[in-house]
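Asker: Before anything else, here's the structure in question.
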Amino acid sequence: AAPTASAAEAAHGEELYNSRCIACHSPDANRVGPKHRGVVGRTAGTVPDFNYSKALKSSGMVWSEETLDQWLANPQAFIPGQRMNFKVNDPTDRAHLIAYLKALTLP
């Protein structure tokens, strides 16, 4: 199991999110990509009012630290046919982004 993320890791993850992800994603609004609040533990392709690729919708995959890490490392290799073409190559950056996403809990 992965160690619990620190507040500093989540804070750095928020900085990364705001510099790399915000053009397409938001915590609370669907944009080019779906909203992210509550993503950890959610089944992929299930945010209401978002037009997902057939590949992602039919994946049945649940977002966890492990699946998010694989996704961020190479979305196309992880779920061929999906539409996100952005990778996060650095494992530390991925861990910090995931720490931030974990903090985006539903009210």
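Asker: Let me spell it out: the conditions are (1) at pLDDT below 95; (2) touching a Leu at 6+ places or on another chain (Cβ under 8 Å), and Asp93 meets all of them except one. Which number is the exception?
Answerer: (1)
Asker: Would you confirm whether any residue within segment 38-61 is of a type in the set (A, V, I, L, M), over 21 Å from Pro107 (Cβ atoms) and outside any loop (DSSP other than H, G, I, E, B)?
Answerer: Within segment 38-61 (the criterion being of a type in the set (A, V, I, L, M), over 21 Å from Pro107 (Cβ atoms) and outside any loop (DSSP other than H, G, I, E, B)), the answer is yes, since at least one residue qualifies.
Asker: Also, I was wondering about something else. Taking segment 64-107, which residues are part of a loop (DSSP other than H, G, I, E, B), open to solvent by 20 Å² or more (accessible area, probe 1.4 Å) and in contact (Cβ under 8 Å) with a residue 12 or more places away in the chain?
Answerer: Ser64, Asn74, Pro80, Gly81, Arg83, Met84, Phe86, Lys87, Asn89, Thr105, Leu106
For (1) of a type in the set (Ser, Thr, Tyr); (2) more than 14 Å from the chain's Cα centre (by Cα); (3) surrounded by fewer than 17 Cβ atoms within 10 Å (Cβ to Cβ), each residue gets a yes or a no:
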| position | (1), (2), (3) |
| --- | --- |
| Ala7 | no, yes, yes |
| Ala11 | no, yes, yes |
| Arg20 | no, no, yes |
| Ala23 | no, no, yes |
| Lys35 | no, no, no |
| Thr43 | yes, no, yes |
| Thr46 | yes, no, yes |
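The values are calculated or read from the model by the stated rules, or taken from the named source; none is laboratory data. Fair warning: this is a prediction, and the values are worked out from it, not measured in the lab. Positions of Cβ are generated from backbone atoms using ideal geometry, with glycine treated the same way; all protein chains shown enter the neighbour counts. Surface areas here come from the heavy atoms of the whole protein model, side chains and all, with no ligands, DNA or RNA. Shrake-Rupley method; radii C 1.70, N 1.55, O 1.52, S 1.80 Å.
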